[in-house]
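Enquirer: Starting off with a structure, shown below.
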There are 2 protein chains.
Amino acid sequence: MDHNVRLALLVVLLFVYLFICAGMFHALEPWADAWWLGANNYTEATREFYRNYTGNKNATDDFPFVPRSFFESFFYMTSVFTTIGYGHITPITTFAKVFTAVSANFGIPLLIYILAIFGSKVSDLVLAGEDRFLRRVPGPYGRRTVTVMLVELFGLFFILMIPGAIFAELEDWSFGDGTWYAFVSVTTIGFGDLVSGQRYAGVEADPNLPAFNFYILCKVCYLLVGMTWVATMWYLVADVLPPVRPEGQQVQKEEE
Amino acid sequence: MDHNVRLALLVVLLFVYLFICAGMFHALEPWADAWWLGANNYTEATREFYRNYTGNKNATDDFPFVPRSFFESFFYMTSVFTTIGYGHITPITTFAKVFTAVSANFGIPLLIYILAIFGSKVSDLVLAGEDRFLRRVPGPYGRRTVTVMLVELFGLFFILMIPGAIFAELEDWSFGDGTWYAFVSVTTIGFGDLVSGQRYAGVEADPNLPAFNFYILCKVCYLLVGMTWVATMWYLVADVLPPVRPEGQQVQKEEE
Ligand SMILES: [K+]
Ligand SMILES: [K+]
């Protein structure tokens, strides 16, 4: 099969798998932690729902939960498969935890495999550019250092600062916070000190608004692009590092 | 240089770099968010310190901070370099954020490179075992599926459940929560819904206790072992997947 067709099918598979897992997770735990949302309008009905659902009889104002929209569950599954794990949504019931672990078992490798392909394609482009424009930089290590620094600088603007400015605008954050959120996200650290979309979710706006759902889909695509940038740098650096396996000890490919 | 000597030096370099970065981060932000610690004994002096340090004049009971021990900063840097990012400690000042980003720029690749070597060595052992014991399983894909499932099962017990039981004992969690914490940690998702050591930190015990610091060092080693398990599975799976780069499009190695 053509390599690009296969890649396109893999991306479709990733999104289908994301949607299915998000739907199943949403069926398991269709609530949100109102503490994260800054909510103060959770009702006794919500608490009753939570108590019945989890068997946790201690649901009080200290454990307030509000219903969550499907696309918030979609963003949760994205945070699992990318291993970002913001932590603004985490499974509470054992069943949802087991479901998360099992779906991650396939979701994480699928996403990383796709990112590895993306990264290799972009790094091929970068290396073609290096061949063409950096011929005069002496030595392969010097040349590659310049290349990596240029790619870092490119990403600093187009992956961190410009999206950071957009996040700042949409989330009412400072520019620094938006850039920090972009950095923490695309490196998959995902502290959760800032999580986008929270001010729109649950309380301040109807989470079923098409614009809110579109925002989440855009963020998922942004994360894939940003992580591709990181993967590209990994290729560029690994390419000049000593190989992980010493010479002559490569795993033999299976022959049948 | 001998491959194993180089690996040993890289591990030493990682720990030296971790210690240096932890020391610098600790100098920048030597406090802990008491909300996470469940603290209620922060003083006006602590708040005054925080106000003076950050310029945030709004430090009230809603933003309580208590001093943090060096090894908690060490665990923070580990959470950055592993990209786990529990989020129980996050930088507050812009300078600490920039420092985190710059140190991660070298720390993450260093740690991943070491894990890649670990993973390749362990996967070589596993493949030797596969060659020896799974000869009778028909077909390379069937054989590799059995191998991966055995490695998963091995890790389920020795990386997730047994350490999970130890975490449960030390942290006063349920066994399920301990296992969940182990899973969330070694996959580098790091939700932060559970973070080990919190009950010992800051308030309930003196964080400068040798036992507490030893616990943190053990956890860092555990994380490296656990992530090696994940890296091993990645090698075993990637080995039978179609190559990321199509044939004949490999990056040309630099020649000088
Ligand atoms: K995280
Ligand atoms: K993470």
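Enquirer: Calculate the FRET efficiency for B:PHE106 and A:ASP172 from the Cβ-Cβ distance with a Förster distance of 30 Å, rounded to the nearest 0.05.
Expert: 0.35
Enquirer: What are the label-to-label distances in nm, one decimal and shortest first, from B:VAL16 to the same spot in the other copies, with labels 7 Å along Cα to Cβ?
Expert: Spelled out, the distances from B:VAL16's label point are 5.2 nm.
Enquirer: Please sort A:10-23, B:117-130 by packing, taking for each peptide the average over its residues of neighbouring beta carbons within 10 angstrom, highest first. Could the numbers behind the result be given before it?
Expert: Values: A:10-23: 15.5, B:117-130: 18.6.
Going by the mean number of other Cβ atoms within 10 Å, highest first, we get B:117-130, A:10-23.
Enquirer: Same structure again: Using a 10 Å cut-off around each Cβ, can you sort B:LEU134, B:LEU156, B:LEU111, A:LEU9 from fewest to most neighbouring Cβ atoms? Please list the in-between numbers first.
Expert: Values: B:LEU134 14, B:LEU156 17, B:LEU111 23, A:LEU9 11.
By the 10 Å Cβ count, ascending, the order reads A:LEU9, B:LEU134, B:LEU156, B:LEU111.
Enquirer: Another question, if that's okay. What pairs in A:LYS121/B:LYS219; A:LYS219/B:LYS97; A:LYS219/B:LYS121 have C-alpha atoms more than 27 Å from each other?
Expert: Correct reply: A:LYS121/B:LYS219; A:LYS219/B:LYS121.
Enquirer: Something else about it: Local charge sum around B:MET149 (other residues, Cβ-Cβ under 13 Å, Lys/Arg +1, Asp/Glu -1)? Walk me through the numbers on the way to the answer.
Expert: Values: positive: B:ARG143, B:ARG144; negative: B:GLU130, B:GLU152.
Local charge sum for B:MET149: 0.
Enquirer: Same structure again: Please report, for A:PRO210, the nm distances (one decimal) from its label point, 7 Å out from Cα along the beta-carbon direction, to the equivalent points in the remaining copies, shortest first.
Expert: 6.7
Enquirer: Across peptide B:78-85, how many C-beta atoms of other chains are within 10 Å of each residue C-beta, on average?
Expert: 5
Enquirer: Next question. How shielded is A:87-96 by partner chains, expressed as the average number of their Cβ atoms within 10 Å of its Cβ atoms?
Expert: Whole-number average of other-chain Cβ neighbours for A:87-96 is 3.
Enquirer: First select every other residue whose beta carbon is under 12 angstrom from the beta carbon of B:LYS219; then total the charges, Lys and Arg +1, Asp and Glu -1.
Expert: Taking every Cβ under 12 Å from that of B:LYS219, the sum is -2.
Enquirer: I'd like to compare B:79-88, A:186-195: which one has the highest average count of other Cβ atoms within 10 Å, and what's the full order after that?
Expert: B:79-88, A:186-195
Enquirer: Between B:VAL146 and the same site in the other copies, what are the distances in nm, shortest first, taking label points 7 Å from Cα along the C-beta direction?
Expert: Here B:VAL146 shows inter-copy label distances of 5.5 nm.
Enquirer: Could you list B:GLU29, A:GLU169, B:GLU171 so that the one with the fewest beta carbons within 10 Å of its beta carbon is first and the one with the most is last?
Expert: A:GLU169, B:GLU171, B:GLU29
FYI, it's all coordinate maths here, none of it is from the lab. This one's a predicted model, so the numbers in the text were calculated from it and none came from an experiment. Note that each Cβ is placed from the backbone with ideal geometry, even for glycine, and that neighbours are counted across all protein chains shown.
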